[in-house]
Structure formats: C-alpha cells, structure tokens
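Shown next, in structure tokens, is the structure this report addresses.
The values are calculated or read from the model by the stated rules, or taken from the named source; none is laboratory data. Note that the structure is a prediction, hence the values are computed from the model and not measured. Please note: Cβ atoms are built from the backbone with ideal geometry, for glycine as well, and neighbour counts cover all protein chains shown.
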Amino acid sequence: MEILKLVAVGVVISVIAILLKSVKPELSVMVTIAGSVLMLLFIINYFTEIFNTFYQIISKSGIDSNIFWIVIKIIGVGYLVEFGANICTDSGNSGIADKIVLGGKIIIFLMAMPIVTSLFNIILELVP
C-alpha cells in the first residue's frame, strides 16, 4: 500500500524536521524539502495512469485535445504552486508563499484565456 509508505515517510520527515529545528534550523528546511521530493517520487507512477485515463476520455469524447490539455496544465500548475507555497510556509517564509500563490493565480488565469476565448466565440455564434 503506497499510502502507508507515503504517510510513514511524511510522519518520519516531520519528526526529524521538528527535532532538527531546535539544533540546526537550516538542516530542518533541507530535510523537509528532501522528504517532500521523496514523497513525490512515491506517487509519480500514478501520473501515467491519470494521463492514460485522460487520453482515453479525449479520444472517446471528441473534446478538443488542446483545451483538455490546457485544463490538465492548469491543474498541474495549481498543485506545484500549492507544493512550493507549503514548503515556504513550513520554513517560515509565508510572505514568499503568498507571492508564489499570487504568481500561480496569474499564470493560471493566463493559461485559461484560450478556454475563455473559445467559450466567448461559442456564445457569439449562438446569439443572432
């Protein structure tokens, strides 16, 4: 069970980071980052399953694949922004975390513009 490994590593990393924080705070941040990357490696194989499922949905539904992949990229940016912001918050840099979130929102908005434009064009075609 991958989830048990993921939770176990997360708890161990958290305990080590807490213990190191009082002795060597700079190492605590490094352990947190390394542990986070290790935890991501545990779940990386699931991404291929997710992408294969999305590919099947695209091919069966007839949805424009460009729009669909834009949505997938937006979701990916959202996860990366949350991951980076949480690491900054955990290391005591909530101001930087806020800037990461702001930047992520702007990037997501820009990435969504082709979808908004496409919807707008569809609406214009429906209105006489």
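Descriptive notes on the structure:
- Residues of segment 65-102 that are among the acidic types (Asp, Glu) and touching a residue at least 24 places away in the same chain (Cβ under 8 Å): Asp90 alone.
- For segment 6-24, the criterion of a residue being basic (Lys, Arg), free of Cβ contacts under 8 Å to residues at least 60 places away in the same chain and outside the structural domain of Gly92 (by TED's automatic domain parsing) is satisfied by at least one position.
- Residue count for segment 82-111 under the criterion of being under 16 Å from the mean Cα position of the chain (by Cα) and farther than 26 Å from Val37 by Cβ: the result is 1.
- Being surrounded by 15 or more Cβ atoms within 10 Å (Cβ to Cβ), in the same structural domain as Pro114 (by TED's automatic domain parsing) and at pLDDT 90 or above is a property that Gly76 lacks.
- Only one entry in Ile74, Ile70 is closer than 28 Å to Ile3 by Cβ and either touching a His at 6+ places or on another chain (Cβ under 6 Å) or among the β-branched types (Val, Ile, Thr) (or both), namely Ile74.
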